[in-house]
Amino acid sequence: TFFSPVSNGQPPNYEMLKEEHKVAVLRAETSMPDRVAWSLFNPLFMNPCCLGFIAFTYSVKSRDRKMVGGLTGAQAYASTTKCLNNRALIVDLLMSILLIVIPLLIFQAYRSIRRHHPGQELCP
């Protein structure tokens, strides 16, 4: 039990226990994140393999289930959303790094060739 009633020598009545249960459910509902904001950010960044759109769909499903009261389904969708968002973030970071590193390597190779073979054309 989350809350212990004030003990005045009498057992708690049904209405008090029912109210405590409602408060515990409301607290669980509000504490479970649905990650909609994170899911909205991923499609705007690079969106590899549409992972951001899929994560957004699952986060909306999680929010809908939470509003209806299906906490188990909402938690399952939220877990899937978190996994998809993490994967999209990792792929986004790798793609960003590669988009910076590969052109730098090409530019260094070009400068190296031009330095070692001055006046020679690269393409005949």
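The values are calculated or read from the model by the stated rules, or taken from the named source; none is laboratory data. Model, not experiment: these values are computed from the prediction. A quick note on method: Cβ atoms are made from the backbone with ideal geometry, for glycine too, and the neighbour counts reach across all protein chains shown. Accessible surface areas use protein heavy atoms only, side chains included; no ligands, DNA or RNA. Shrake-Rupley method; radii C 1.70, N 1.55, O 1.52, S 1.80 Å.
The set of residues from the range 43-88 being touching an Asp or Glu at 6+ places or on another chain (Cβ under 6 Å), open to solvent by less than 70 Å² (accessible area, probe 1.4 Å) and closer than 24 Å to Leu99 by Cα comprises just one member, Met46.
Which of the residues that make up the range 23-42 are open to solvent by 30 Å² or more (accessible area, probe 1.4 Å) and modelled with pLDDT of 80 or more? Within the range 23-42, Arg35, Ala37, Trp38, Leu40, Phe41 qualify. Criterion applied to Ala109, Ala55, Ala74 was being of a type in the set (A, V, I, L, M), within 12 Å of the chain's Cα centre (by Cα) and assigned to a helix (DSSP H, G or I), and the one residue passing it is Ala55. Under the condition of being assigned to a helix (DSSP H, G or I) and either in contact (Cβ under 8 Å) with a residue 12 or more places away in the chain or of a type in the set (Phe, Trp, Tyr) (or both), the residues counted in the range 31-52 number 12. Count, please, the residues in the range 89-123 that happen to be open to solvent by less than 60 Å² (accessible area, probe 1.4 Å) and hydroxyl-bearing (Ser, Thr, Tyr). Adding up the residues that qualify gives 2.
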